[in-house]
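Enquirer: Structure below; questions to follow.
Nothing in this text is a laboratory measurement; each read-out follows from the coordinates by a stated rule. Computed from a prediction, not measured in an experiment: that's the story for all the values here. Using ideal geometry, Cβ is built from the backbone for each residue, glycine included, and neighbour counts are taken over all protein chains shown.
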Amino acid sequence: MHGRIKVKTTAEQDQERRKEQERKLKLFQKASSIAFYKIGNKEYDDAGLKVTAELLYKNSDISSLWNYRKRAILTMKDEFAENYQKLCENELELLVACLRNNPKSYGCWHHRCFIMLTMPTPAWEDELKLCNQFLQFDDRNFHCWDYRRFVVKHSVPEVSIDEELKVTNHLIENNFSNYSSWHYRSKLLPKLFPSLKYSEQIEEGKLLEELEYVQNAFFTDPNDQSAWFYHQWLVGRGDKNQKLISAHFSRESNAVTCVFRKPSSRNSVESNCSISVGSAIAKGIWKPVVDGFVKYCHAWLFKLSDDVPIEDFSIRLHCFDVKVELDVGCELMFANAAFFTNNEFRQTLGETKSALLETELDSCIELNELEPGNKWIVLTLVQLMNIIDPDKYREDINKYVSELKSIDSSRRNYFADLRSKIVIEQNISAGKLDNGNVNLSDFGITRMYHVQYFSCVKILNLSENSLTSLCGPLYLLRCCEQFWADDNEIDDVTGICDMPSLSLLSLKGNRLVDVGCLKTIASCHVLKTVDIRQNPLECSEADVMRLLPDVKVSV
């Protein structure tokens, strides 16, 4: 008679698992104590490499262990010069084992970069094969994509960009949703087919091919966002160069302020801008117009030396290829000028590209009829119309933005901001800033964009819109004397600060509750009048007066 096979109960199995886990934990803790002892005492030896390898195989996200191995390898570099290549190869093998356990480990990929740059004879071709292998497992592993770009950059001999483009073809054809491949493609094409007009864009012949290529993707699956993002890049405006857009001189502060299209660093301003007074080059220091340490800023101030004679003189500026002269008479306390054109936000479309974009617009209109209610199609329609002719398609753009709010109600605020951006660009392009008195009331604006372009405006009216805050870079309104923002939904005005010309501020009929948000207004030193009536402020008139003692405030 055969004996019965004893089957362990669930409780017994759980107990065995717990004991095994406790045993492994003790081993891990013992190894960790040894490793961190060596780290603390800077003992770089084979024993340290062995114990840290065991730990990293179990958990490759312990950055201090990778740092130990890095220092150990550098220490051994001179000591074991003959075997250093083998040491690095062993390290690469460890990394492959760790990556199989955790393909998205920052530490692993970063350490692999270090080894490849350190080892005497790196095999770059093998690294591309490794990338191919891991991208087969997960074609959206952005750590692997970053490493692939690193390999392509450092590889000797150089990796063919054309071959890399073929890799993206293969991956995209296998999976249209491979956003990483589309993104990589956008980085490769400008190198192979650069545009003569715009950086990070491609020449028109290749653009036509790419538009046809991406159409296959979004006509196949209109709901997939990857191809639509790539399409947005293809038809985008291109990155415009840095440029001086306005300059201001104040005799009171004896300083010149330059406002730029894009935020600029001190080094960039110092390298690209020169100022002359009369016939002599002015000496001084550039600093951002905002207090505190700011690395990048739209507006930079150049303080003239005190020995500049107080008489009629001219200030000549040469900033980012813009040459201009400001005539400053002794009777003038302030002078300013703007240097941007009314087509600042439009591409200069040649016949070929214009025809391409019109064809794309027709295709998207057709697809919208086939797939009504698709967010990506409608969003692309807005983008194309805004590029081709925002004035011609003004009503259609407003219609489609309203449609987007209904299609994707969870992002309705984003689409409202998008419409605000388009409205402001349309007004700038229409020359509405030329007379210094700008009325943007009742436009449905939810957010203020491109404030730097308003730096010469003296009166700005944003009343009867849908603004909820004024916390942007309003210090760029260097010439603004009157700022009206009545009848909005504003509960935050911390952006109203350091406006050197502001004398009147009206915030009537908003949602200001906390009197503390008015503190920043006190930095506008020539401010005389503030109207904050019809706000649910939880304070007394005396509280407001303490914050703004020298200002006439209507509460």
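Enquirer: I need to check one value: relative contact order of region 357-432, counting alpha carbon pairs closer than 8 Å and at least 6 residues apart, in percent.
Expert: Relative contact order for region 357-432 comes out at 25 percent.
Enquirer: Go through Trp124, His154, His111 and say which Cα lies farthest out towards the positive end of the charge dipole of region 26-159; charges sit on Cβ, +1 for Lys and Arg, -1 for Asp and Glu.
Expert: His111
Enquirer: About its Cα centre, what dipole magnitude does region 475-555 give when the only charges are +1 on Lys and Arg Cβ and -1 on Asp and Glu Cβ, stated in debye to the nearest 20?
Expert: 280 debye
Enquirer: Does region 351-420 come out rounded, prolate or oblate, given a ≥ b ≥ c as the square roots of the eigenvalues of its C-alpha gyration tensor, rounded meaning a/c under 1.5 and, failing that, prolate meaning a/b above b/c?
Expert: The shape class here is oblate.
Enquirer: Which of rounded, prolate or oblate describes region 412-555 when judged by the alpha-carbon gyration tensor and an a/c cut-off of 1.5?
Expert: Cα axes put region 412-555 in the oblate bin.
Enquirer: Here's something else I'd like to know. Mind giving me the nanometre distance, one decimal, between the label points for Arg316 and Arg140, set 7 Å out from Cα along Cα→Cβ?
Expert: Calculated label separation equals 5.8 nm.
Enquirer: Now for a different question. Can you give the relative contact order of the chain as a percent, counting alpha carbon pairs under 8 Å and 6+ residues apart?
Expert: Dividing the mean separation by the residue count of the chain yields 6 percent.
Enquirer: What's the center-to-center distance, using Cα atoms, between region 380-397 and region 172-216 in Å?
Expert: Centre-to-centre (Cα) distance: 23 Å.
Enquirer: Then there is this: With everything on Cα atoms, drop me the angle between helix 84-101 and the longest principal axis of the chain, reported from 0 to 90° to the nearest 10.
Expert: Its long axis makes an angle of about 80 degrees.
Enquirer: Can you flag which of Lys508/Lys552; Lys42/Lys86; Lys243/Lys323; Lys38/Lys77; Lys206/Lys399; Lys70/Lys295 are past 21 Å Cα-Cα?
Expert: Lys42/Lys86; Lys206/Lys399; Lys70/Lys295
Enquirer: Taking the chain as the reference, fit the longest principal axis to its C-alpha atoms, fit the long axis of helix 10-41 to the helix C-alpha atoms, and give the angle between the two in degrees, 0 to 90, nearest 10.
Expert: 70 degrees
Enquirer: For region 378-493, what is the convex hull (Cα atoms) projected area averaged across all directions, in square nanometres?
Expert: 7.2 nm²
Enquirer: Same structure again: Return, ordered by residue number, the residues of region 165-187 whose backbone nitrogen is under 20 Å from a label point located 7 Å along Cα→Cβ of Glu158.
Expert: 165-168, 184-187, by backbone N distance to the label point.
Enquirer: Sticking with this one: Mind checking which of Asn90, Tyr230, Cys539 is farthest towards the positive end of the chain's charge dipole, using Cβ charges of +1 (Lys, Arg) and -1 (Asp, Glu) about the Cα centre?
Expert: Asn90
Enquirer: Does the chain come out rounded, prolate or oblate by the C-alpha gyration tensor, with a ≥ b ≥ c the root eigenvalues, rounded set by a/c under 1.5 and, if not, prolate when a/b is larger than b/c and oblate if not?
Expert: The shape class here is prolate.
Enquirer: Taking the Cβ-Cβ separation of Arg18 and Gln232 as r and a Förster radius of 60 Å, what is the calculated FRET efficiency to the nearest 0.05?
Expert: Computed FRET efficiency for Arg18 and Gln232: 0.65.
Enquirer: Next question. Given Cβ point charges of +1 (Lys, Arg) and -1 (Asp, Glu) and nothing else, what value in debye, to the nearest 20, does the dipole of the chain about its Cα centre take?
Expert: The calculation lands at about 2180 debye.
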